[in-house]
Amino acid sequence: MKRKLSQLLGFFFLTICMVLTMAFLGIFLYSIFSQGWEVLSLRFLLEAPREGMTAGGIFPALVGTFWLTLLAVLIALPLGLLCSIYLFSYARKGPFLSLLKITINTLAGVPSIIFGLFGMALFVNMLSLDVSLISGALTLAVLSLPIVINASQEAFSGVPRDFIEAAYALGATKRQMITKVLIPTAAPNILTSAILVVGRVAGETAPIIFTAATFFNRRLPKSLGDEVMALPYHIFALMTEGTHPEAQVPIAYGSAVVLLMLVLLISSLALIIRYSLRKKRQW
Amino acid sequence: MVKLQAQNLNLYFGKNHVLKDVNLDIQDKKITAMIGPSGCGKSTLLRTFNRMNDLIPDVKISGSVRLGENDIYAGKMDLYKLRAKIGMVFQKPNPFPKSIFKNVSFGLDIAGKHQKCEIADIVEESLKAVWLWDEVKNRLHCSAMSLSGGQQQRLCIARALANEPEVLLLDEPTSALDPQSTARIEELCLALKDRVSILIVTHNIAQAGRIADFTAFMYLGEMIEYAPTTKMFTVPQDKRTEAYLTGAFG
Ligand SMILES: Nc1ncnc2c1ncn2[C@@H]1O[C@H](COP(=O)(O)OP(=O)(O)OP(=O)(O)O)[C@@H](O)[C@H]1O
Ligand SMILES: [Mg+2]
C-alpha cells in the first residue's frame with residue numbers, strides 16, 4: 001500500500017515536471033511565432049531590407065549566415081577530426097595528454113563573447129583580416145573546435161575494441177586501422193554531431209559581433225574579405241539600434257522565427273540520420 | 001617439425017608477471033590446444049605469437065619466439081607482415097561492419113599486392129575453405145552483420161585464411177556459439193590442419209580431447225605440462241594437470 005502510494009506520488013511528480021517543460025516550450029514558441037508570424041512571406045526571405053530597415057526582408061542576412069556557418073564547419077571539422085585522431089590513437093598517456101584534454105574541455109565551456117574578443121584580437125587586428133566573412137568564420141571555427149573534438153572522441157570510443165584488434169591482427173598499420181576501420185565505423189556519429197555543430201554555429205551572435213557582422217549591407221558578400229549580415233546579429237541590431245521599433249520589432253521576431261526554424265530543421269535532420277543509422281547498426 | 005617456438009618467455013604487464021619462463025614447441029600442421037583456469041595467461045601467450053601484446057602500453061617481454069627460423073621479436077621483423085602470416089580469431093565473432101566480401105578481402109586490400117580479379121578468387125576460395133561459400137555466394141555484398149553467430153565466426157576464419165597464414169591462433173572461438181555451430185568449427189579445424197598449424201585456446205576440455213593432437217596445460221602463468229593429447233588425458237604427469245582435467249578446479 002505504502003509502495004503503491006509512493007509510486008503514485010513519483011509518477012505524479014514526473015508528470016508535473018514533464019508538463020511544465022512542455023508548457024515552457026509551448027509558451028516560448030508561441031511568443032516568438034505570434035510576434036513574428038505576420039511579416040513572414042517568401043519575399044521576406046528573398047528581399048534585402050529597405051527604407052532604413054523598416055521594410056523588406058532578410059536575404060543578405062540569410063546568405064551571410066549560410067556562408068559563415070559553412071566556412072566555419074569546413075574549417076573546424078577536418079581540424080577537429082585530426083586533433084581527435086591524434087588524441088585517440090597517437091598521444092601517449094601522461095600529464096601532457098591530460099593537460100590537452102583539460103584545455104579542450106575548458107575551451108568548450110568558455111562563453112562565446114570571449115571567443116568574439118579573441119577573434120577580434122587575433123584575426124581582425126593581429127592578422128589584419130579586418131571585420132570580414134573570413135574573420136567571423138575563423139572565430140566560429142575556433143568556437144566549434146572543442147565541440148567537434150569532444151564529439152569525435154566520443155564517436156571513436158564507441159568503436160568496439162574488437163574491430164580495432166581484428167584490423168591489427170590482419171596486418172593493418174595504425175594508419176590503415178584508422179582510415180579503414182576507426183573512421184568508417186565512427187562516421188555516422190561524427191556526422192550527426194557535425195550537423196548539430198552547424199545548428200549551434202548558425203545561431204551564435206557574440207563571436208561575430210566584432211569579427212564579421214555588419215548592421216546593414218545591401219550587397220551580398222562577394223569575397224572572404226567582405227563584411228556580412230547575419231541572422232542572429234540582425235535580430236540583435238534591430239532590437240538594440242533600431243529607431244522605428246513599431247516596424248522593426250516584428251521584423252526582428254520574423255527573423256527569429258526563421259532562425260529558429262532553421263536550427264530546428266538542422267537538429268531534426270541530425271536526429272533522423274542518427275535514428276536511421278542506429279537502426280541499421282548491428283554491433 | 002616445429003613451426004612456432006617459445007623459449008624462456010617472460011611477460012609482464014606493469015608489475016604483474018603474467019608469463020613465467022614459458023617454453024613451447026608448436027608442431028607444424030597439427031592442432032595444439034591450450035587449456036588452463038581463467039586468468040592463467042592463455043590469451044596472453046597466444047597474443048605474444050602475433051605480437052598483439054605490443055599494442056598494450058607497459059608490457060615487457062623477454063625470451064624468444066621463433067616462427068620457423070626467424071625470431072619474431074627481432075628488430076628486422078616486419079610486424080605487419082608477421083601479423084598477416086599469423087591469423088587470429090577471437091572469442092566473440094568480430095566481423096567488420098562491412099560487406100561479407102570486404103571482410104574477407106580486408107587483409108588483401110591493406111597489403112595492396114593483389115589485382116582486383118585475384119582478390120575475388122581468393123575471397124571465393126577462402127569462403128569455400130570454411131564452408132560458407134554456398135551459404136553466402138548470393139549475398140557477398142550484404143553486411144556481414146546479417147550472418148548468424150556461427151557463420152560470423154567462420155567468416156572471421158575465412159578473413160584470416162585469405163592472408164594465407166602459416167599459423168592460425170584461435171582464442172576460445174566457440175565459447176560464444178551454440179553446440180551445432182561449435183561442432184562445425186571443430187570439424188573445420190580438423191579440415192584446415194592440412195594447410196595451417198592451429199593453436200586453440202579452450203575452456204572446454206572435451207573439445208581439446210576431440211580435436212587437438214597436442215595439449216598444453218597452463219597454470220598461473222607457467223607451462224605445467226605439454227604432451228600429445230591422448231597421453232595427457234590418459235596419464236597426466238603433473239598432479240595439477242590431473243586435478244584440472246578431472247574438474248577439481250577450474
Ligand atoms: N591488457 C592487459 N593489461 C593488463 N593486464 C592484463 C591485460 N590482459 C590480461 N592481463 C592480465 O594477465 C593475466 C592473464 O590474462 P589472460 O587474459 O591471458 O588469461 P586467460 O588465461 O586467457 O584467461 P581466460 O580463460 O579468462 O580468458 C591476468 O591476470 C590478467 O589480469
Ligand atoms: Mg583468455
### Message
I'm trying to understand the selection: among the residues of the range B:1-18, which are in contact with a helix residue (DSSP H, G or I) (Cβ under 9 Å, 6 or more places away or on another chain), open to solvent by less than 30 Å² (accessible area, probe 1.4 Å) and away from ligand 2 (no atom under 13 Å from the Cβ)?
### Response
B:L4, B:A6, B:L9, B:L11
### Query
Tell me, which residue of the range B:136-150 that is open to solvent by 30 Å² or more (accessible area, probe 1.4 Å) and within 14 Å of another protein chain (Cβ to nearest Cβ) is nearest to ligand 2 (Cβ to nearest atom)?
B:G149
### Query
Of the residues that make up the range B:232-248, is at least one within 16 Å of ligand 1 (Cβ to nearest atom), at pLDDT 95 or above and outside any loop (DSSP other than H, G, I, E, B)?
no
### Test: residue in the range B:19-34 that is closer than 25 Å to A:K93 by Cβ and more than 16 Å from ligand 2 (Cβ to nearest atom)
no
### Message
Condition first: away from chain A (no Cβ under 14 Å), within 15 Å of ligand 1 (Cβ to nearest atom) and open to solvent by less than 40 Å² (accessible area, probe 1.4 Å). Now tell me which residues in the range B:191-204 satisfy that.
### Response
B:I200, B:V201, B:T202
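Conditions tested, residue by residue: (1) touching a residue at least 60 places away in the same chain (Cβ under 8 Å); (2) out of contact with any Leu (no Cβ under 6 Å at 6 or more places or on another chain); (3) within 16 Å of ligand 1 (Cβ to nearest atom); (4) within 14 Å of chain A (Cβ to nearest Cβ).
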{"residue": "B:N8", "(1), (2), (3), (4)": "no, yes, no, no"}
{"residue": "B:Y12", "(1), (2), (3), (4)": "no, yes, yes, no"}
{"residue": "B:K30", "(1), (2), (3), (4)": "yes, yes, no, no"}
{"residue": "B:M34", "(1), (2), (3), (4)": "yes, yes, yes, no"}
{"residue": "B:S43", "(1), (2), (3), (4)": "yes, yes, yes, yes"}
{"residue": "B:L46", "(1), (2), (3), (4)": "yes, no, yes, yes"}
{"residue": "B:D71", "(1), (2), (3), (4)": "no, yes, no, no"}
{"residue": "B:N94", "(1), (2), (3), (4)": "yes, yes, yes, yes"}
{"residue": "B:S105", "(1), (2), (3), (4)": "no, yes, no, yes"}
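Listed here are the residues, each with its yes/no results for (1) out of contact with any strand residue (DSSP E or B) (no Cβ under 7 Å at 6 or more places or on another chain); (2) farther than 18 Å from A:A166 by Cα.
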{"site": "B:G149", "(1), (2)": "yes, no"}
{"site": "B:L161", "(1), (2)": "no, no"}
{"site": "B:E172", "(1), (2)": "no, no"}
{"site": "B:A176", "(1), (2)": "yes, no"}
{"site": "B:T182", "(1), (2)": "yes, yes"}
{"site": "B:I185", "(1), (2)": "yes, yes"}
{"site": "B:L190", "(1), (2)": "yes, yes"}
### Query
Of the residues that make up the range A:144-159, is at least one touching a Lys or Arg at 6+ places or on another chain (Cβ under 8 Å) and either crowded, with 19+ Cβ neighbours inside 10 Å or of a type in the set (D, E, K, R) (or both)?
yes
### Summary
By residue number, the members of the range B:19-70 that are surrounded by 15 or more Cβ atoms within 10 Å (Cβ to Cβ), among the polar types (S, T, N, Q) and outside any strand (DSSP E or B) are B:S43, B:T44, B:T48, B:N50, B:N53
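Given the condition charged (D, E, K, R) and within 14 Å of another protein chain (Cβ to nearest Cβ), answer yes or no: does some residue in the range A:178-197 qualify?
Yes, the conditions are met somewhere in the range A:178-197.
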### Task
Take A:V201 and decide whether it is more than 14 Å from every other protein chain (Cβ to nearest Cβ), at pLDDT 90 or above and farther than 19 Å from A:M53 by Cβ.
yes
### Task
Would you check if there is a residue in the range B:74-82 being within 11 Å of chain A (Cβ to nearest Cβ), away from ligand 1 (no atom under 14 Å from the Cβ), assigned to a loop (DSSP other than H, G, I, E, B) and over 22 Å from A:R161 (Cβ atoms)?
yes
### Query
of a type in the set (A, V, I, L, M, F, W, C) and either without any contact (Cβ under 8 Å) to a residue 60 or more places away in the chain or within 16 Å of ligand 2 (Cβ to nearest atom) (or both): does that describe B:I56?
yes
#### Entry: Residue check, A:V249 in contact with a helix residue (DSSP H, G or I) (Cβ under 8 Å, 6 or more places away or on another chain) and crowded, with 19+ Cβ neighbours inside 10 Å
no
## Note on the structure
Over the range B:223-241, the set of residues away from ligand 2 (no atom under 16 Å from the Cβ) and either among the aromatic types (F, W, Y) or crowded, with 16+ Cβ neighbours inside 10 Å (or both) is B:I224, B:E225, B:Y226, B:A227, B:T229, B:M232, B:F233, B:P236, B:R240, B:T241
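The values are calculated or read from the model by the stated rules, or taken from the named source; none is laboratory data. These figures come from a predicted structure and were not determined experimentally. Backbone-built Cβ (ideal geometry, glycine too); neighbour counts: all protein chains shown. Areas reflect the complete protein model, heavy atoms only, side chains present, ligands, DNA and RNA absent. Shrake-Rupley method; radii C 1.70, N 1.55, O 1.52, S 1.80 Å.
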